[in-house]
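Please read the structure below before turning to the comments.
The values are calculated or read from the model by the stated rules, or taken from the named source; none is laboratory data. Nothing here was measured: the structure is a model prediction, and the numbers come from that model. Here the Cβ positions follow ideal geometry from the backbone for every residue, glycine too, while neighbour counts run over all protein chains shown. These accessible areas exclude ligands, DNA and RNA; they are computed on the full protein's heavy atoms, side chains included. Shrake-Rupley method; radii C 1.70, N 1.55, O 1.52, S 1.80 Å.
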Amino acid sequence: MDRTAQLVARPAQHAVAYDPGTPPGPPHLAAHLGAPRTGPASRRAAQVLADNWTGSSTVPSPGLYPHQWSWDSAFVAIGLRHVSPRRAQTELETLLDAQWGDGRVPHIVFNPSVPLDAYFPSPDFWRSSTAGRAAGAPRTVQTSGIVQPPVHALAAWLVHRADPGLSRARGFLGRMYPRLAAWHRYLLHRRDLGGGGLVSVVHPWEQGMDNAPSWDAPLSRVTPAPARSFRRADLDHGAPEDRPTDLDYGRYVRLAAEYRDGDYRDGGTGPGGGEFAVEDPSFNALLIASEHALAHIAHELGATGTARHARAERLTAALVERLWDPAEEMFFCRDLHDPHGSGDRHGPRGPAGALIPERGVSGLVPLLLPGLPREVAAGLVRTLRGPHFGLGTATRLVPSYDLRGEAFDPHRYWRGPAWFNTSWLLERGLRAHGARADADALRRAVVDVAAASDFAEYVDPFTGEACGATGFSWTAALTLDLLHDDGTTPDEPPDEPPGMTSGTAGTASTTGTTGTTGTAGTAALGTTSGTGGTAGPDSAAGADATAIEGGDRG
């Protein structure tokens, strides 16, 4: 029996495996439900999120990343739900207000009050309202034109579970569902550039692990933009030796400019179907996790969710068939336009393009999926523990790249440092597949290193030395999430961090956002952004099960 047949033949596993031990309910009831009391680390993490709150969303870092980032906001919402479910809902609502008419969720939503020279590429580079007009870019907010990993449905489901009463009172999932369904439709219909069912990224920034060595070969075919044609604002906030090289950055700019100049069309010439198209295991695994979450959302709204669970299973089979290497016991990226590819890595027949032989953390993230074949999950755990990633021996957190790889650098962006979001995903994966001791050790390491590094953007995987920005939002948020799961070390009665309020069903409000920038203690946490948009009706709360299930099939 081949791997696909084995996967399809296995009983369906639809349990939510991403939220172990977290009881649903509003935060003020947590102490009565067995969750931990707050302590210094959780209060410090909550303060980071309060400090980075703008009044309608959370910036990753006020200096380095002063706008709203797509997958950052999803991770922020996952942690924020433990201290303010209302604000966690607002985080996702604000992001999806900027969704394009074709369903894409842009990777940056720009704050108009931030000067143009504070970040590059800035709104005047992306020209979303003009270059993206045919794709339905919003007219009233400026965004980028590329996307990021689709963690959003998973985040929305976990946010709902944190306070179901508040969520139902506000119609949160009913408003989120059509937008999230449109987002997944865009990826599955417009981005299956390899024809095998998986989604392709058309720019390294889309995958989120911008500077990973996996991109070196496909990027080598891209002529970089002249250095004089752009100014790198990131170097104002970080050491050059920790950031992408100027050569790589020039290639990023060239790819983005060509995609923009092609009016952000997918599947034609340019990045949407030309020189850069890569099937990435992490991006697709997060889509699969979110498909399962979207099925749970559909069920909450009155449908069965069966079609979405079935789609997630088909995507898992495609992921294993196209990107799994049983000899190396990990997943690899597939370069769809590798001119030397002869189909599959193991012979002349197989999918288009070729696997990229670089061991990156992206190839481990599918461990998150509870429906993986048993031998695949076991192989990933062995690889995590083995010499290439050294978890539990050489390293406490998961490095972003192969410790033995030629390109390994413990400090340079995504070429070796450990990141907290990937360690969080792998902690969930280890736990889902029964490796509890490894999961517990990784959880303790994330919490300890995050607090010791002042919630750094990323760290040296050996020493835990902080790299990049400190006070980084997703580091703080995911630390909060792991602290909430760990009931072993209560040290203080619960309190409410400055600038945060816990919404309840009795205090739900649907007023429009103030649009003002808040600070800790003054942030307008009881408001939400408006829910107008182009991706679907504002509310599906009144939709019947047939309509929702029809969305499943879209």
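Odds and ends about this structure:
- Label-point separation, residue 306 to residue 168 (7 Å along Cα→Cβ), nm: 2.5
- Estimated inter-spin distance, residue 463 and residue 216, nm [label 7 Å along Cα→Cβ]: 2.3
- Mean accessible surface per residue for region 55-182, computed with a 1.4 Å probe while every protein chain stays in place, in Å²: 22
- Per atom type, region 157-221 shows carbon and sulfur on 47% of its accessible surface, probed at 1.4 Å.
- Extension gain for residue 454-residue 378 works out to 24.0 nm (0.36 nm per residue, less the C-alpha to C-alpha distance).
- Packing here is the average count of other Cβ atoms within 10 Å per residue, and on that basis the peptides 194-200, 425-431, highest first, run 425-431, 194-200.
- Evaluating 6.51 cos²θ - 1.76 cosθ + 1.60 at θ = phi - 60° for every residue in region 187-202, the Karplus couplings come out as 5, 6, 9, 9, 10, 7, 6, x, x, x, x, 8, 7, 9, 9, 10 Hz, glycine and proline recorded as x.
- Extending 7 Å from the Cα toward the beta-carbon at both residue 393 and residue 470 defines two label points whose distance is 3.3 nm.
- Listed peptides 58-70, 472-484 by packing density, highest first (mean Cβ within 10 Å): 472-484, 58-70
- Whole-percent carbon and sulfur share, accessible surface of region 350-487, 1.4 Å: 48
- Computing FRET efficiency as 1/(1 + (r/R0)^6) for residue 440 and residue 140, where r is the C-beta to C-beta distance and R0 is 35 Å, gives about 0.15.
- Full extension of the chain segment joining residue 327 with residue 117 gains 70.8 nm, where the gain is 0.36 nm per residue of separation less the Cα-Cα distance.
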